[in-house]
Every structure is written in structure tokens, then in C-alpha cells.
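The values are calculated or read from the model by the stated rules, or taken from the named source; none is laboratory data. Since we're looking at a predicted model, the values are computed, not measured. Using ideal geometry, Cβ is built from the backbone for each residue, glycine included, and neighbour counts are taken over all protein chains shown. The protein model used for the area step is the full one, side chains on, heavy atoms only, and it has no ligands, DNA or RNA in it. Shrake-Rupley method; radii C 1.70, N 1.55, O 1.52, S 1.80 Å.
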Amino acid sequence: MSTHTKVSDLSFNDLGSRLCSQITERYGVDQRLASEMAWDLLELMAAIDSDLDALDRFYIS
């Protein structure tokens, strides 16, 4: 795994679920589309070596 992506596989799944819920609540997007958006964002962030812990701490409340 990359140097910035510190989230374990189990937490990665939890992070995806929580991000999906956050997108649904904040933007009123239906669950299916929010899930797709959440996983696409996480895959993109992992691919560019982003700090997923920072996403968890500062974006997902």
C-alpha cells in the first residue's frame, strides 16, 4: 500500500460505507448513485496516493 493510504482493508470498506451515507445525507443523492460515487472517489484517492485518514478525519463526520 502507498505511504499516504494508511487505512486498512477493513477500514477501507467502512470508510466507503460512511462516505456513501455522507453523500446521501449532504446532497440528497439516492443510495445507489451515492455508493458508486463514494467508491469511485476512494479508488481515485488511493490511486493518486492520497491520505485517506485525512478524508476520514476532516470530511466524514
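Just to be sure, is Glu25 under 16 Å from Ser11 (Cα atoms), of a type outside the set (A, V, I, L, M, F, W, C) and assigned to a helix (DSSP H, G or I)? Criteria not met by Glu25. Taking the criterion of being among the basic types (Lys, Arg) and open to solvent by 90 Å² or more (accessible area, probe 1.4 Å), the residues of region 16-61 that qualify are Arg26, Arg32, Arg57.
Select, from Leu33, Leu41, the only residue that is closer than 15 Å to Phe12 by Cα and either under 11 Å from the mean Cα position of the chain (by Cα) or not charged (D, E, K, R) (or both).
On the way: Leu33 fails: closer than 15 Å to Phe12 by Cα.
That would be Leu41, the only listed residue that is closer than 15 Å to Phe12 by Cα and either under 11 Å from the mean Cα position of the chain (by Cα) or not charged (D, E, K, R) (or both).
With the structure loaded, tell me whether Asp56 is among the acidic types (Asp, Glu) and out of contact with any His (no Cβ under 8 Å at 6 or more places or on another chain) or whether it fails that test. Yes: the conditions hold for Asp56.
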